[in-house]
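The values are calculated or read from the model by the stated rules, or taken from the named source; none is laboratory data. This structure is a prediction, so every number in the text was calculated from the model and none was measured. Glycine gets a Cβ as well: all are built from the backbone with ideal geometry, and neighbour counts include every protein chain shown. For the accessible areas, the whole protein counts, side chains as well, though only heavy atoms, and no ligand, DNA or RNA atoms are used. Shrake-Rupley method; radii C 1.70, N 1.55, O 1.52, S 1.80 Å.
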Amino acid sequence: MCGIIGILSQKTDAPDQVVEALKKLEYRGYDSWGVAIGGKYIKLQKNIGKISQAVLVNDTTGNLAIGHTRWATHGGVTQINAHPHTDCLEKIAVVHNGIIENFQELKKDLENFGHKFLSQTDTEVIPHLIEEELRTEEDFKTALVKSVAKLKGSYAFVLIRANSNELWAVANGCPLVVGQSENQLIISSDILACKTKKVIYIPEETLIHIADEIEFSNLETGKPKNLKWEENKVENHEITPGKFKHFLEKEIYEQPEIIKKISQMDVREVETNAALIRHSFGTFFVACGTSYHAALAGEYLFSQIAKMHINLISAGEFANFRHFITDKTLLFPLSQSGETADVLEAAKVAVKCRAKILSLVNNPNSTLARLSDVVMVTPAGPEIAVLSTKAYTSQIAILYLLANAVAGDFAKAQCDLENLSEMLKTIFENESVEKLKKLAKKIKNATSLFTIGRGLNYAVALEAALKIKEVSYIHAEGFAGADLKHGPIALIEKDVPCIVLVSNDENKEEILSNAMEVRARGGFIIGVAPENNEIFDYHIKVPDFAELSSIINIVPMQLLSYYLAIARECDPDKPRNLAKSVTVK
Ligand code: F6R
């Protein structure tokens, strides 16, 4: 995780530009931020908390600066652990994304050589290693390469040196992109920080040197790499929550329009990719978190509609199943960001096994998109709130189109999604929203909460629990209705809220029985269903469309999560401990 940026400018505004860029990178982590300004001496500024409120103090001019926004991995959220980190003499400053796996042994060795460490981070070994190499090696590039050869893990870092007008960077398993404009050269972990027209996405194992010219070389062999500039296709307009108070609320409300767009997707694209799935010898969904829940919904949709079994594996576990992957396998990763480390790792395993990759991403410029043979893009637009909402429902809608296309019924699916788009609007009607707000106030002090569903509503149960816990910090767990009685029901006592997801499908009677079992033990039953039922203590009415319940039923749960966050005075857009893009394994 973490966002990194380095700017070499012809003007003296590099530090301010770095802070502006960090605001765009904040979604990668917001535990702390820091800037190092180049010059005769390196000037450092670090702070815990969000970059959105950041201002640089004292002399902040300079044409060279690097910056960092942190998601803590090694060491607590403290000012000392904030990047940039330096060597003993503060002559080298480093910002880093990723993990140095062998930092403990390196640190021990360096301490034995007399190096003094200030932080608990893995990053700090980098400047000290280079400092150590420079004792016997005059050439900085050689010292840097020798230091990097000692590092294990996946990482990218950018560094500056005192008294030197240049940026150095290394990409080794974490993304970096270089941008060039008339006045500036930029290097960052994310294209969003590059407002330039021309960019280069840096391949792995690359050493980058930015001075008057930019040089790329292979980390191991030192041989020059000839990388080509390409047009920056990312629209860089300012993104605001508009009439809404928070991005989360805005993005939840955008869903009917996005579903409508998906209903109009190009038939050839969907049918060609449906054919890929139909003809593969084994398709594997891999994803994490919310995208995993979308894939779970997809597994049910393909089973019910296309009568096809798709394997579903949590991306971080995929390597354990590599023995089943051949050149006839289709890997189907789902990822909003396209930068999730676990998903990228699964894709790399698939590449090694020469399997084909068809990915579904919300960011067409992502690393995953570039690793894939075929890319489908969810037309959800940038998702800014850390909680995934509109990307999730878009993923499911596209899986619905694909499953129906495999079954030869694409036109029906298009029509269903168009109807769904209208139906979703009723969830946003005043009366329904007020009922959700009232419910949030009623249950806001719960210490534990459960969600249950069967069939397509199983994925909804898992996703609803995830949404509630990540934004309101209420302990919430989702279960398949049948599983509650195998242990978790021990946790039900008087007034514990249990959200029961009900659709008019073959699972209806059984999920209502499960709800009764909870009620019999004093649980407070919140029914999300087209019709009220005497078992419910509280009813959230939803449109009646069982085949698309995975989308319909999650929308009021997203809204409930938002209102719970408001009622509990939590930040709906940037919940504690989270980051939008999870770029570490
Ligand atoms: C939850 C959430 C995370 C992500 C997960 C995967 O609201 O956002 O669980 O879904 O980290 O991220 P992507 O989809 O970017 O691979």
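In the stretch 3-231, what percentage of the DSSP-assigned beta bridges are antiparallel, given to the nearest 5?
Among the beta bridges of the stretch 3-231, antiparallel pairing accounts for roughly 95 percent.
Once you charge only the Cβ atoms, +1 for Lys and Arg and -1 for Asp and Glu, what is the size of the charge dipole of the chain about its Cα centre, to the nearest 20 debye?
Working: 64 positive and 74 negative charges, 75 e Å.
Around 360 debye, computed over the chain.
Would you list which lysines come within 23 Å of LYS195, measuring only between C-alpha atoms, while excluding same-chain residues fewer than 8 positions from it?
Within the straight-line limit of under 23 Å, LYS195 reaches these lysines: LYS11, LYS23, LYS24, LYS50, LYS228, LYS233, LYS580.
In percent, what relative contact order does the chain have, based on Cα pairs under 8 Å that are 6 or more apart in sequence?
Details: 1314 pairs, mean separation 67.3, N = 585.
Here the relative contact order equals 11 percent.
Show that you can apply the helix-only estimate: for the chain, add -39,500 (n - 2.57) for every DSSP H stretch of four or more residues, divide by all residues, and state [θ] at 222 nm to the nearest 500.
-10000 deg cm²/dmol
Note the angle between two axes, namely the Cα long axis of helix 554-567 and the longest principal axis of the Cα atoms of the chain, as a number of degrees from 0 to 90, rounded to the nearest 10.
Tilt of helix 554-567: around 60 degrees.
Where the accessible area of the chain is counted over protein heavy atoms with a 1.4 Å probe, how much of it, in %, is carbon and sulfur?
The C+S portion of the solvent-accessible surface of the chain is 49 percent.
Which of the three applies to the stretch 305-406, rounded, prolate or oblate, going by the alpha-carbon gyration tensor with a ≥ b ≥ c and a/c under 1.5 meaning rounded?
Oblate, because a/c is 1.5 or more while a/b does not exceed b/c.
Using Cα atoms only, what is the angle between the long axis of helix 267-279 and the major principal axis of the chain, expressed in degrees (0 to 90) to the nearest 10?
Helix 267-279 sits at roughly 90 degrees to that axis.
What is the spin-label model distance, in nm, from CYS88 to MET308 if the labels are put 7 Å beyond Cα along the C-beta direction?
Between CYS88 and MET308, the label points sit 6.2 nm apart.
Please go through the residue pairs LYS107/LYS152; LYS250/LYS437; LYS260/LYS356; LYS467/LYS494 and name each one whose alpha carbons sit more than 19 Å apart in this structure.
Long pairs (Cα-Cα over 19 Å): LYS260/LYS356; LYS467/LYS494.
Using a 1.4 Å probe, how large is the accessible area of HIS309, given in Å² and rounded to the nearest 10?
Ignoring ligands and nucleic acids, HIS309 comes out at about 130 Å².
Need one number: nm distance between label points at ASP544 and ASN504, each 7 Å from Cα along Cα→Cβ, rounded to one decimal.
Output for this residue pair reads 0.2 nm.
Assuming R0 = 51 Å, what is the FRET efficiency of HIS323 and ASN58, from their Cβ-Cβ distance, to the nearest 0.05?
For R0 = 51 Å, the calculated efficiency reads 0.30.
So how far apart, in nm, are the two label points at ASP266 and ASN430 if each is 7 Å from Cα heading toward Cβ?
Spacing of the two 7 Å Cα→Cβ label points: 4.4 nm.
Contact order normalised by length for the stretch 429-585, with contacts defined as Cα pairs under 8 Å and 6 or more residues apart; what percent is it?
Value for the stretch 429-585: 27 percent.
Output the peptides 547-553, 372-378 sorted from most to least packed, where packing is the average of other Cβ atoms within 10 Å over each peptide's residues. Kindly include the intermediate steps, with their values, before the conclusion.
Numbers: 547-553: 26.4, 372-378: 19.7.
Going from most to least packed, we get 547-553, 372-378.
For the stretch 239-427, what is the charge dipole size about the Cα centre, in debye to the nearest 20, if Lys and Arg each add +1 at the Cβ and Asp and Glu each add -1 at the Cβ?
260 debye
Enumerate the aspartates and glutamates that LYS46 could reach by cross-link, defined here as Cα to Cα under 13 Å, with residues fewer than 8 away along the same chain left out.
Counting by Cα, and skipping residues close in sequence, LYS46 has these aspartates and glutamates nearby: ASP31.
How do the peptides 500-506, 203-209 rank, highest first, by the average count of neighbouring beta carbon atoms within 10 Å per residue?
500-506, 203-209
Around LEU420, with a cut-off of 15 angstrom between Cβ atoms, what is the net charge of the other residues, counting Lys and Arg +1 and Asp and Glu -1?
Net charge in that neighbourhood comes out at -2.
How far is helix 14-25 tilted off the main Cα axis of the chain, in degrees rounded to 10, range 0 to 90?
Around 20 degrees separate the two axes.
Using only the alpha carbons of the stretch 3-231, what is the convex hull's orientation-averaged projected area in square nanometres?
For the Cα atoms of the stretch 3-231, the hull's average projected area reads 11.1 nm².
Heavy-atom accessible area per residue, the stretch 239-427, 1.4 Å probe: how many Å²?
For the stretch 239-427, the per-residue accessible area is 38 Å².
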